[in-house]
Amino acid sequence: MKLKIERKWPKATYTIGRLYVDGAYVCNTLEDRDRGLKQTDSPGTIKMGKVYGETAIPKGTYRVAMETVSPKYAAIDWYRKLTCGKMPRLVNVPGFEGILIHPGNTALDTYGCILVGKNTKVGQLTESRSTFEALYKRMKAAHDRGERIYIEIV
């Protein structure tokens, strides 16, 4: 399964994008500010360009693991019932740790993670929980079929 995020509308404190699954549009995304970092940048360049909790991950292609238990989300009943606490986590993101795909509404909810939903309000996502649930079920089904999941961010 291949996910692709096109970062479309960068702003001073957040970035709105479009998420595609295997080439088909699925939803919008919300990330922290895109500071122009790329996966191929040196560790020093990434470190200098990153502002903790306010920077989108570097553009590039990453594997998404579906087996990682998030202590934070495993403690929340709704997530535990849907995911058994296992959240989609991007692997080997240079300069970043624990990058998940999850619901949320504003850049204050991201800390580098990728939020999914509908961009029906300026700078915000709505219907994030239902959007995440549908996306998670598709990703989990692909994972259960033995497919590797990748995400490309452009």
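Would you tally the residues in region 84-103 being within 15 Å of residue 57 (Cβ to Cβ) and either out of contact with any helix residue (DSSP H, G or I) (no Cβ under 9 Å at 6 or more places or on another chain) or surrounded by fewer than 22 Cβ atoms within 10 Å (Cβ to Cβ) (or both)?
Here the count works out to 12.
Show the residue pairs that are 6+ apart or on different chains and have beta-carbon atoms under 6 Å apart, the first residue being within region 39-53 and free of Cβ contacts under 8 Å to residues at least 60 places away in the same chain, the second being assigned to a loop (DSSP other than H, G, I, E, B) and of a type in the set (D, E, K, R).
Pairs found: 49/35.
Would you check if there is a residue in region 72-84 being closer than 30 Å to residue 44 by Cβ and aliphatic (A, V, I, L, M)?
no
List every residue pair whose Cβ atoms lie under 8 Å apart, where the two residues are 6 or more positions apart in sequence or sit on different chains, the first residue falls within region 97-121 and is under 14 Å from residue 153 (Cβ atoms), and the second residue, located anywhere, is small (Gly, Ala, Ser) and not in a loop (DSSP other than H, G, I, E, B).
Final answer for the pair search is 115/128; 116/128.
Hey, residue 85 hits all of (1) at pLDDT below 95; (2) within 21 Å of residue 10 (Cα to Cα); (3) touching a strand residue (DSSP E or B) at 6+ places or on another chain (Cβ under 9 Å); (4) not basic (Lys, Arg) but one; which does it fall short on?
So residue 85 meets the others, but not (2).
Mind listing just one residue for me: the one in region 32-57 that is over 26 Å from residue 123 (Cα atoms) and of a type in the set (Ser, Thr, Tyr) and, of those, surrounded by the most Cβ atoms within 10 Å (Cβ to Cβ)?
Among those that are over 26 Å from residue 123 (Cα atoms) and of a type in the set (Ser, Thr, Tyr), it is 45.
Can you list residue pairs whose Cβ atoms sit under 7 Å apart, with the first residue in region 133-150 being touching a residue at least 24 places away in the same chain (Cβ under 8 Å) and the second being in a helix (DSSP H, G or I) and of a type outside the set (Asp, Glu)? Count only pairs 6 or more apart in sequence or on different chains.
133/82; 136/82; 136/83; 149/139; 149/142; 149/143
How about region 1-82: which strands (runs of 3 or more DSSP E) wholly inside it have at least 3 residues that are small (Gly, Ala, Ser), on the phi > 0 side of the Ramachandran plot and at pLDDT 95 or above?
By residue number, no strands (runs of 3 or more DSSP E) qualify.
May I ask you to list pairs of residues, at least six apart or on different chains, whose Cβ atoms are under 7 Å apart, with the first in region 82-93 being over 19 Å from residue 3 (Cα atoms) and without any contact (Cβ under 8 Å) to a residue 12 or more places away in the chain and the second being among the aromatic types (Phe, Trp, Tyr) and assigned to a loop (DSSP other than H, G, I, E, B)?
Hits for this filter: zero, empty list.
The values are calculated or read from the model by the stated rules, or taken from the named source; none is laboratory data. From a predicted model like this one, the values you see are computed outputs, not experimental measurements. Note: ideal-geometry Cβ built from the backbone for every residue, glycine included; neighbour counts use all protein chains shown.
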